Every structure is written in structure tokens, then in C-alpha cells.
Amino acid sequence: MEGNALLTEILDPSCVRLDLSASNKDGVIEALVDVLATAGVVTDRDRMIEDLVQRERLMSTGIGGEIAVPHAQSAGATRLALALGRIKDPVDFESLDGKPVRLVFMVVGPEERLGFIKVLARISRLLYSGDLQRSLLGARTPVEAVACIRQEESRLTGKSAQQPYPR
């Protein structure tokens, strides 16, 4: 995500799970890492999980408002990517506001990859108004979820992605 690239350029609908079943934070992390591994983004599952869990130990990535943004730069990832999970039954993420989490944006990338911080900042900016969260909670399909993000990005930046995901 160099410059002003969009989240929808690093989020494929195949990396969206709208019916995530997990009973705890570690289960959510493992499930989304598996999604990214299936997509070919994560090549070392155990290393990626270890790096994400280690990051969680520093401080919870539960940012409040029922949202978590677990993230890590790791040798277990091949490129910068995003996975999105909507959890069936909210999970305790030790969030800043104490509320359980329903939406999870997982950001992974190789250790030397530029743009990692920009992805985290863009997620925060898109979630600020609360409109995107409401849209994602109502999305019926992964393609619809990505379209919700694309619409919010377009609204905020005036830029729209031509291709939803680089192949």
C-alpha cells in the first residue's frame, strides 16, 4: 500500500468471513490467519500466529466500538494484506472500552514492507464516523462487505478502486 492506495486493493473477498465462529481472541486470530494462508498471503502459519499473539501481549488491538485490528509484520507473510472477520458471538478482546468485539480487521505484512502504518491509519479513518461499521455488520456477502469499504473509501478520498484486488 504505497502512497494513497486503497484498502480494497489489499482485501480480496476470499479473505472476508462474515460468520466467524470463535470463542476467544486466539481463536479469532487463528481463524483469520488460516483465511490468509488459504489465500497464499501467509506461508508460515505458526510464525504469523506467534507474531500476532506477541503483538497482542504488548497491548490489546481491541480499539473500542466492538472493533479489533490485530496486526503484525512477520516473516510468515509474503505481502501486505488484510482479512476481515465478523464474529457471530462477540469475543472479549480486552478492548479499551471493555466491550466485546464483533468486527476484526487483521493486517499482516512482511517485516520490511512499507505501507503497514498507512493501512492501520486508513482503517482508523474509515471507521471514525461509524458508518462503515454499521454497513459491515449488515453485509450479507464478502463481496458486499468489500463494496461497503470501497464506498466509504470513495466517500472520504474521492478515489475509487478499478480492480477490487490485485491478482
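Considering each of Glu56, Glu111 in turn, give the residue that is under 16 Å from Leu32 (Cα atoms), open to solvent by 10 Å² or more (accessible area, probe 1.4 Å) and outside any strand (DSSP E or B). Walk me through how you get there before you give the answer.
On the way: Glu111 fails: under 16 Å from Leu32 (Cα atoms).
After ruling out the rest, the residue left standing is Glu56.
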Going through region 61-100 one residue at a time, which ones are of a type outside the set (Lys, Arg), touching a Ser or Thr at 6+ places or on another chain (Cβ under 6 Å) and assigned to a strand (DSSP E or B)?
Gly62, Gly64, Ala68
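Just a yes or no: is a residue in region 19-33 in a strand (DSSP E or B), of a type in the set (Asp, Glu), open to solvent by 10 Å² or more (accessible area, probe 1.4 Å) and out of contact with any Cys (no Cβ under 6 Å at 6 or more places or on another chain)?
Taking region 19-33 and keeping what is in a strand (DSSP E or B), we get 19-20.
Applying the additional criterion that residues be of a type in the set (Asp, Glu) yields 19.
Still in the list and also open to solvent by 10 Å² or more (accessible area, probe 1.4 Å): 19.
When the remaining residues are screened for being out of contact with any Cys (no Cβ under 6 Å at 6 or more places or on another chain), the result is 19.
Checked against the condition, which is being in a strand (DSSP E or B), of a type in the set (Asp, Glu), open to solvent by 10 Å² or more (accessible area, probe 1.4 Å) and out of contact with any Cys (no Cβ under 6 Å at 6 or more places or on another chain), region 19-33 yields at least one hit.
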If the Cβ limit is 8 Å and pairs must be 6+ apart or interchain, which residue in region 97-126 that is over 20 Å from Leu18 (Cβ atoms) pairs with which residue that is hydroxyl-bearing (Ser, Thr, Tyr) and at pLDDT 90 or above?
Gly109/Ser74; Pro110/Ser74; Pro110/Thr78; Glu111/Ser74
Taking the residues in region 34-43 that are touching a helix residue (DSSP H, G or I) at 6+ places or on another chain (Cβ under 9 Å) and over 19 Å from Arg86 (Cβ atoms) as candidates, determine which candidate is surrounded by the fewest Cβ atoms within 10 Å (Cβ to Cβ).
Thr43
In region 127-153, how many residues are within 30 Å of Ser23 (Cβ to Cβ) and touching a residue at least 60 places away in the same chain (Cβ under 8 Å)?
11
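The values are calculated or read from the model by the stated rules, or taken from the named source; none is laboratory data. All values reported here derive from a predicted model rather than from experimental measurement. For neighbour counting, all protein chains shown are included, and Cβ atoms are generated from backbone atoms with ideal geometry for every residue, glycine included. When the accessible area is computed, the model is the full protein with side chains, heavy atoms only, and any ligands, DNA or RNA have been set aside. Shrake-Rupley method; radii C 1.70, N 1.55, O 1.52, S 1.80 Å.
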